[in-house]
């Protein structure tokens, strides 16, 4: 079953457009990472899916309904981000009670155990929590609500490393026990790489890649060897990134080599090294401007 | 970025791990293998990715599936793996060894005696 | 994971209860406003007059101030709960714009009833206090025991007026949420143009005549109910596209 469907969706503000004729579908039960540079529209995409904001044009369907003003979408989805706010008249334990009333799949026991594990005080007000603690508390609501569509937008903002690891572990365990559709965005792809099944890579308001994370990992390969040898093999290929270190060079190219070519590479002492999804993502989104090295190279030659 | 340690993709690591368990007889023929969900929890990875590791071994007929029961080690799984590892891993290591020996001007006799010496040393160490 | 099929009434009920818990600030502001009203009620006027043989010292006390402050409270509360912060709070849990409006409106209705009932009672408090302060001749407006019908009419009138003011606050708040430009237009339209006696601009004057000069409680009630429903419909219509948690 398709949970989210974007058909030619554009979202523009007065001065610029954030999502540019975007098409994609998210299937039920898949944990998808929404990845992209700052300001490419990850949050916009998530807020449209949750029905908080409206697309400028195109068709959006969540659970086969337009999510904007859909009670069904609101009741079956949750979006955890830093705009989650709660009245300061409510204590943290009050908020958990309210969440219990609103979300029919709410797991009160799990919520309480996570609440205790992360040492929250029941009488504290949400707005008095530190940034990291606020994120942790919101994440607990996101996990315990067990919504068929659970969306986390940068859920680990402000969390320290230990808590981040705990959160991702908790999310994975709960996802295994209660499979559901999850969208998760993060600036740190390397942190969530192993957690994801699919990846939705946004760049310049468009989908740059959407599919299993292993496909992204196998899309590119890194050739490492003597500069001359590597150059002979890469001159006719699209280069997604390169770095030179003395006589050796390292080049990112598409992972399209025949068996014969692979043998030749190994004979010439060129290593084929798999690329992490994070490196592939950086390579795919660096664009025509080149890498940070090019910025310095250009000034040197000017 | 110059990371010379050629780390493998995670699902291939999973397949490797199960292979090693079969080779060292931790997993015996017709014994049930961890499910993709157990593997996911064990390695802290997505169940779908863990499933890809299992698929790799199913396709190589090292594992087999029983409907509704799970995945099991094929009776001849270990033999297949031994053959595969001999072919792939051992041969690669030998090629490397020969390349290195040539680079260091070590001739064949010298190399063989070095191998024997090393084997003896290891035997003593084990005793 | 199975999908839930929520009913609007069910969600509205949950949100109404949530708002009763979350908006307790509205209760305390009511209490403060009525206390201020009481305080002003003690200082509305006084003086002395008399001849050589008799001197009358008089002081008038009024409970009207408590009612006036309550109306002001209702108006500002109406505006307050349309603000972004309150809306985002609502959308942290299950909500649509319609369910948010309906539950907010129910909340305002209940609060207005409480406020409308307590405001006339505040004048009774004034009487009680003054009774202990002065052993003087006491001329009062009819109380619960002196004239129960009058007393109930006063309470009913206060409740209906409070709902009306809250309704106006809510629609103005909704307009402001739509665009901040509404504020100068409202100020000019409601308060400045009438000063120049341009015909057709005396909106407030017209409202006072329309509601204030109505002598039948029943017709007054119908007038207010229709007005409030229209105001509510306007609020829903103009904010149905509002984006939240931006």
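How tilted is helix B:91-103 with respect to the longest principal axis of chain B? Cα atoms for both, answer in degrees (0 to 90, nearest 10).
For B:91-103 against chain B, the angle is about 30 degrees.
Using a Förster radius of 30 Å, what is the FRET efficiency between residue A:1 and residue C:241 based on their Cβ-Cβ separation? Nearest 0.05, please.
After rounding, the FRET efficiency stands at 0.55.
Gaussian network model of chain A, Cα springs within a sub-10 Å range: biggest mean-square fluctuation belongs to which of A:11, A:206, A:89?
Greatest mean-square fluctuation among the candidates belongs to A:89.
Just from its helices, what would the mean residue ellipticity at 222 nm be for the protein assembly as shown, if runs of 4 or more DSSP H residues each count -39500 (n - 2.57) and the sum is divided by every residue, rounded to the nearest 500 deg cm²/dmol?
After summing the helix terms and dividing by the residues of the protein assembly as shown, the value is -16500 deg cm²/dmol.
If the elastic network links every pair of Cα atoms under 10 Å, which of B:111, B:97, B:81 fluctuates the most in the Gaussian network model of chain B?
B:111
Each label point is 7 Å from the Cα along the Cα-to-Cβ direction; what then is the distance between the points at residue A:16 and residue A:261, in nm?
3.7 nm
In nm, to one decimal, how far is the residue A:108 label point from the residue C:182 one, both placed 7 Å along Cα→Cβ?
Each label point is offset 7 Å from its Cα along the Cβ direction, giving 4.0 nm.
Which value does Rg/Rh take for the protein assembly as shown over its C-alpha atoms, Rh per Kirkwood?
1.17
Using only the alpha carbons, work out the radius of gyration and Dmax of region A:111-197 in angstrom.
Final numbers for Rg and Dmax: 12.6, 38 Å.
7 Å from Cα along Cα→Cβ at both residue B:13 and residue C:28: what's the point-to-point distance in nm?
5.2 nm
With a Förster radius of 25 Å, plug the Cβ-Cβ distance of residue A:130 and residue A:177 into 1/(1 + (r/R0)^6) and report the FRET value to the nearest 0.05.
Efficiency computed from Cβ-Cβ geometry: 0.25.
With r defined as the distance between the Cβ atoms of residue B:37 and residue C:36 and R0 fixed at 60 Å, what FRET efficiency is calculated, to the nearest 0.05? Write out the running numbers ahead of the final one.
On the way: r = 64 Å, r/R0 = 1.06.
With a Förster radius of 60 Å, E is 0.40.
If you take the Cα Rg of chain A and divide it by 2.2 N^0.38 Å, with N the number of residues, what do you get?
After normalising by residue count via 2.2 N^0.38 Å, the value is 1.16.
Evaluate the relative contact order of region B:10-75 (contact order divided by residue number), counting alpha-carbon pairs under 8 angstrom at least 6 apart; express in whole percent.
Values: 75 pairs, mean separation 25.9, N = 66.
With pairs under 8 Å counted, the relative contact order is 39 percent.
Output needed: percent of Cα pairs per 5 Å distance bin for chain B, bins running from 0 to the one holding the longest distance.
Histogram of Cα-Cα distances, whole percents per bin: 2, 9, 14, 16, 14, 13, 11, 10, 7, 3, 1, 0.
Relative to the longest principal axis of the C-alpha atoms of chain A, give the angle of the C-alpha long axis of helix A:161-177, reported between 0 and 90° and rounded to the nearest 10°.
On a 0 to 90 degree scale, this one is about 80.
Could you state the principal axis extents of the C-alpha atoms in region B:79-126, from the largest down, to the nearest angstrom?
If we take the Cα atoms of region B:79-126, the spans are 35, 30, 13 Å.
What's the angle, to the nearest 10 degrees (0 to 90), between helix B:108-126's Cα axis and the longest principal axis of chain B?
The helix B:108-126 is inclined about 60 degrees to chain B.
What ranking of C:73, A:106 emerges when the number of other C-beta atoms within 10 Å of each C-beta is taken as an exposure proxy, fewest first?
Least to most surrounded, the residues fall as A:106, C:73.
Of the beta bridges DSSP finds with both residues in the protein assembly as shown, what % are antiparallel, to the nearest 5?
Working: 48 of 65 bridges.
The antiparallel fraction comes to roughly 75 percent.
Residue separation times 0.36 nm, minus the C-alpha to C-alpha distance between residue C:206 and residue C:110: what's the value?
On the way: separation 96, 0.36 × 96 = 34.56 nm, distance 2.76 nm.
Roughly 31.8 nm would be gained on extension.
Readers should treat all values here as calculations from the given coordinates under stated rules, not as data from a laboratory. For clarity, every value in this text was computed on a predicted model and none was experimentally measured. Here the Cβ is made from the backbone with ideal geometry for all residues, glycine too, and neighbour counts use every protein chain on show.
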